[in-house]
Each structure stands twice: as C-alpha cells, then as structure tokens.
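The values are calculated or read from the model by the stated rules, or taken from the named source; none is laboratory data. Model, not experiment: these values are computed from the prediction. Cβ placement follows ideal geometry from the backbone for every residue including glycine, while neighbour counts extend to all protein chains displayed. Each accessible area value is taken on the protein alone, full model and side chains, heavy atoms only, with ligands, DNA and RNA left out. Shrake-Rupley method; radii C 1.70, N 1.55, O 1.52, S 1.80 Å.
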Amino acid sequence: MFESLSERLDSAFKSLKGEGRITELNIAATVKEIRRALIDADVNYKIAKEFTDKVKDAVLGEKVITAISPGQLMTKIVKDELTELMGGNEVELNAKGNPAIILIAGLQGSGKTTFSGKLANYLKGKKGFSPMLVAADIYRPAAIDQLKVLGGQIGVDVYSEPENKDAVSIAQNAVKEAKTRNKNVLIIDTAGRLAVDEVMMTEVANVKNAVNPQEILFVVDSMTGQDAVNTAKAFNDRLNFSGVVLTKLDGDTRGGAALSIKYTVDKPIKFISSGEKMDTLDVFYPERMAQRILGM
Amino acid sequence: AGKSTVDEEVLDNLEEALVGADVGIDTTVQIIERIETRVAKDKYLNTTELNNILQQEIEAMLVDAPSANSYAFDSELPSKPYVIMVVGVNGVGKTTTIGKLAHNFKKAGKNVLLGAADTFRAAAVDQLTIWSERAGVPIVKQDMGSDPAAVAFDTVQSGVSRGSDVILIDTAGRLHNKAHLMDELSKIRRVMQKVIPDAPHEVLLVLDGSTGQNALEQAKHFTAATDVTALAITKLDGTAKGGVVLAIANQFKIPVKFIGVGEKMEDLLVFNKHEFVDSLFNLEK
Ligand SMILES: Nc1nc2c(ncn2[C@@H]2O[C@H](COP(=O)(O)OP(=O)(O)OP(=O)(O)O)[C@@H](O)[C@H]2O)c(=O)[nH]1
Ligand SMILES: Nc1nc2c(ncn2[C@@H]2O[C@H](COP(=O)(O)OP(=O)(O)OP(=O)(O)O)[C@@H](O)[C@H]2O)c(=O)[nH]1
Ligand SMILES: [K+]
Ligand SMILES: [Mg+2]
Ligand SMILES: [Mg+2]
C-alpha cells in the first residue's frame, strides 16, 4: 500500500538536481515526504515534525548528493537517526529480588495477560528463575480463568483470590505466598485501564506502592495511533515505569507508536510480543523497528 | 471567538487537529481541500461558520447504512432471526460489544442468543458466558478448541428452532494479515448459510478507537473475507478520538453503527455523526 520511502524521496529530490548545497528551501519537499511517511506510520504529529526538523538541520549545508539515488541516501540518514533514538543503552530486565516483582500495566486489550504468560515462560526457561503469576485483575470477566489457562500451558503457578475485590491485598498476599512456595519472581497481571480513569490509575499506583516492584512494564498495542503519547505520558507520570512492551507486532502495522513513546517518556522498549502463543516473545531491536516504521 | 480569517494558520491548526485525531494524512488533505474550495482563502469568517462547514464536510464522509439494513434496538429487525457476526483483530472489544448489544436488544424486548465461536483464546468461552449471565440471555457453546464453524452452525440452528430474534456470534480475534485465520472466518460465514441462506445479515467489524492507520488495513482485509456491513468503535471513553473511521467510511463506504464508551453493559451508544465530529475537535459542552 505504501510507496517505498526511498522512491518517494527520490522524486522529491528531483527538484534539487543542479543545485549546489542543501538549503532550507530546496530540502523542503523532501522533509515533507519524510514527515508524511512517519505520520502514515502513526508517529505522533508533533514528534514527526520535531524529528524531521532535526534531520533537516543535520543535512543543511551539505553538498547536494550526486549519488544515483539520493533518496536511498536520505532514507539511510533518517533510518540511522531513528535507530539511535529508539535504542540507547540496552537495559536488561531486572529480576533480582526475593521475590523479584514485575508489575504489568496498560490499556484495555493491549496484551498484558498474554505477555504476563510469555514473560513467565521466558523466565522459567532461564536458569535460576522460578516464576509465579499473580491474577490482580478483579474486573474483566474471566480474567483469572484466562491467566490460569496460560499458566497451565506453560506449567507456572497462578496465584488468585476469586473472592477478594482488592487488587492491593491480592498482590501483598501473593508476595507472602511466593516465599512459602519458594518462587523468586512474581509477575503481577493487572486490569486494563484508561489513563483518564482516576480511580483505576490510583488503584495501580497503590499496588505499586504496596509491593515496590523491581520492574514496571507498560504494555502497548503496536497498532496504537496518535494517542500513544498521551497514554504513555499519563502512565509514566503515575507509575514511573521501567520499560515498555510492544505487542501484536505479528501484524502489518508500521508501529510508529514505538517512536512516539520512546520520544515522550524515554524508557527502554524491553520486549516485543508477536503472537498469541506463549513462545512468541523477543527482545527489541531498534534498527528493525526503524526499518519497519519507514516501510523498508 | 469572534472573527477570524481562514488563512494558513487556521488550516494548519485544522490539519493538526485532524491528523492528531488519527484521521490520516490523505483524508485530512481531502477535507482541507474541500474547505478551501468552499471558502475563498483569507476571507473573514467567524469560528461558528467555519465549524459548520467543517461539520458538514466531515459528516458527508460518514455514510449511512442502507435503509434495508438499518434498525434500532426496539424496532422490528430486517429479518428473523437476525444474525450478527462480530469480527476484528485481537483485543479490540468484540466480546464486550456483544455483551452490550445483547443487553440492549434484550432490554428492548428481543429474544437474544449468543454463539461462542471463539474457541481459541484462553477462557474466551468463560468470558462470553459471564456476559450471557449479565445480560440474561442464553448461549450456545462447545469445548475450547472445537471447530468455531460448528459452534456457529449450532447456534444459528438453535436460534431458528427457539424462535430467537437476534443471534450474536462471537469470533476469535485475528490479525488480518494471517490468511488461514481469515479463511476460517469465511468458512464460519458459509456454514451459517447452510441454515439461513442470507446469514449473517450483519457483519460487524469492531475497531479499537485508539488504533491508528492500521485500521484501514483491517477494514480492507476483513471486508474481503467477510463482507463487513457495519463498524463499531470501542474505547472512546479514553482520550483517543477514533478519527481513522472517517477514512474507512470514506474509502470503503461502511457505516459506523455503534460506539463503546466503557466496560459496562450500559456503555454502548448508537453512533451519532454530529456528536462524533464534535468530539474530534472537542467542540462538545
Ligand atoms: N496476534 C497477537 N495477538 C496478541 C498478542 N498479544 C496478545 N494478543 C491477543 O490480544 C488479545 C488481548 O490480549 P490480552 O492478553 O487478553 O490483553 P489484556 O491487556 O490482558 O486485556 P485486558 O485484561 O482486557 O485489558 C487476545 O486475543 C490475545 O491473544 C500478540 O503479540 N500478537
Ligand atoms: N474503556 C473501555 N474498555 C473496553 C471497551 N470495550 C471493551 N473494553 C475492554 O477491552 C478489553 C478487551 O475486550 P474484549 O471484549 O475481550 O475484546 P475482544 O475483541 O473480544 O478480544 P479477543 O477476543 O481477545 O480478540 C476488555 O478489558 C474490555 O473490558 C470500551 O468501550 N471502553
Ligand atoms: K474520546
Ligand atoms: Mg488481561
Ligand atoms: Mg473476544
């Protein structure tokens, strides 16, 4: 559906032929094309603008590229900038503690429960980890059953209290239980919530304060559009989360939300989720994500 | 407030508002061009006048359902039983929307039957069962892992013999780029036609209101597999605007029928163009 970016840039560059150096004026069409490609990929409108302004500043004054395909060259510059922006220092998941506590949060349907199962499965396969899943979603119909089915598939215990309607005390009780069951990693699955839902945001903040997690992972659907910025910022303001998980990357979305979120909260993207099965979890590769956003 | 000119700045702000609401560049440019042709640039126009023109242009993009397939909860439905098959990608709100629809139809005095044709997602049947209890309507289900087409077939057959007015078929979430899963949907559809040749009467594609431009691809592929007849947009109780449905309605001529504004049974609204356009620009109050 999308014409490839480098072709689009090639044609934008046609107007530059014969000019000496890149100026504000003669690069305008190219910058506009890049911006458009980013917005088509769901990168936030303002961020796309800031990002392309930065790229523009970087190439101003350079000699007009005489290569056969200036579009390709320009695409590479953009890709490298994007990669750098989304990467940064790789931060390992911190699962040290007795037990280590990992809190999972995000919007409704983003893939939290599925990811919780995947993460438990991933840690179980690593030496020294004995995970337990905690069902702290007291709202969604059959949320506990769902987590139990997943726990059953991967052979990981699920802690739940079907009659308890207080997520905070469920989490606290799970920590005690982990000690008696000799589990050294707790993964707490929480209900989906909107950032504007004050009561629900307070609930998850209370869970955080009660159990003091090593990691708080914000799970976000990679198909998210312009609102990703608001949501990420609001969750980060309340939880100061330690990492981001991008889900449903087995689809064909360009995933510009990844850039918007990284740009807005500057937290590492720690995992990507790409399937409904328990073994479809991967670490994040900034370069691949940059290529995907640019449709390369 | 007061007078303003429709100059570059106004148009830039408009562009930002539309793109920021996920309307997408192509559709945004279309809207802006239409505005430009209607008001000569730099002409003095007050905000209300401009908003009216905007409202008209955008509403014109949102198609209505053909009268043969429009209904209200309490009106007579176009056929009996009326079969609604609900489809969409993972986690958008299909099952919840079915629960809400069941509640609304039931409240309006209809006999409703649910079919649990998501036999794949963990505890999907349990989830729909809880909704059937909340709404107080019967459900047809089989074990997890059984053939979804068989469940749909059973449901429709049961609905005919019970004299149901409305049959709501839940399906598993699936990403539209997975051909075998899309084929499965076409099969579910075909199998129901063995019982009622023109079923399903409605194929409701559920879109998450916070989804960006990928929703266009969803609409394209689900339409190809199942002839989508209507859209429902969920999660509009958040800050996302759901503007991508403008592009979808415009490009594929599919009407929006329902919007989801919460997780409770009551949180379903019949789509209202005017209010939707207002909310795109936060004009409400
Ligand atoms: N294709 C695909 N589907 C996924 C992925 N992650 C989750 N899902 C599906 O997305 C849907 C929602 O996932 P859940 O794990 O239930 O999401 P959640 O965030 O726990 O949802 P709530 O608890 O209702 O807020 C389910 O159908 C999952 O199977 C993924 O990476 N790829
Ligand atoms: N805030 C809000 N949440 C909603 C709305 N509709 C659904 N949800 C929530 O979104 C999550 C996913 O809803 P489901 O109905 O399970 O979605 P689904 O499309 O059936 O998911 P799969 O079957 O896994 O593909 C649940 O937590 C719902 O409570 C809505 O309109 N507003
Ligand atoms: K909204
Ligand atoms: Mg969940
Ligand atoms: Mg469902």
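Only protein atoms count toward the accessible area here, which uses a 1.4 Å probe; on the protein assembly as shown, the carbon and sulfur part of that area reaches 49 percent. Evaluated at q = 0.10, 0.11, 0.12 Å⁻¹, the base-10 log of the normalised Debye intensity for chain A, with identical point scatterers placed on the Cα atoms, takes the values -0.58, -0.67, -0.76.
P(r) for the protein assembly as shown: what percent of alpha-carbon pairs falls in each 10 Å bin, starting at zero? Once binned at 10 Å, the Cα pair distances of the protein assembly as shown give 3, 17, 25, 25, 18, 9, 2, 0.
Note on B:Q193 and B:D74: their simple-model spin labels are 3.6 nm apart, each label 7 Å out from Cα toward Cβ.
For chain A, the mean residue ellipticity at 222 nm estimated from helices alone is -14500 deg cm²/dmol, where every DSSP H run of n ≥ 4 contributes -39500 (n - 2.57) and the total is divided by all residues, rounded to the nearest 500. Sparsely packed loop sites in the range B:54-118 (the GluC sites (Glu not before Pro) outside DSSP H, G, I, E and B with at most 13 other Cβ atoms within 10 Å) comprise B:E76. Relative to the Cα centre, the charge distribution of the protein assembly as shown, modelled as +1 at Lys and Arg Cβ and -1 at Asp and Glu Cβ, gives a dipole magnitude of about 1220 debye.
I'm checking a number: the convex hull volume of the Cα atoms of the range A:151-296, normalised per residue, in Å³. What is it? With only Cα atoms used, the range A:151-296 gives 123 Å³ per residue. Volume per residue for the range B:87-220 equals 106 cubic angstrom (convex hull of Cα atoms). Which translational diffusion coefficient, to the nearest whole µm²/s, is obtained for the range A:145-222 from the Stokes-Einstein equation, given a Kirkwood hydrodynamic radius over C-alpha pairs, 25 °C and 0.890 mPa s? Estimated via Stokes-Einstein, D reaches 177 µm²/s. Taking only the alpha carbons of chain B, we obtain Rg and Dmax values of 20.3, 66 Å in that order. Where only DSSP H runs of four or more residues are counted, chain B gives -14000 deg cm²/dmol as its mean residue ellipticity at 222 nm, each run worth -39500 (n - 2.57). Result for chain B in a Gaussian network model with C-alpha springs under 10 Å: among B:I254, B:I31, B:I233, the largest mean-square fluctuation is at B:I31. The long axis of helix B:47-61 is offset from the longest Cα principal axis of chain B by roughly 40 degrees. Inter-label distance, A:V283 to B:S146: 4.5 nm, where each label sits 7 Å from its Cα along the C-beta direction. Three principal axis extents of the range B:217-283 based on alpha-carbon atoms, in descending order, are 33, 27, 17 Å.
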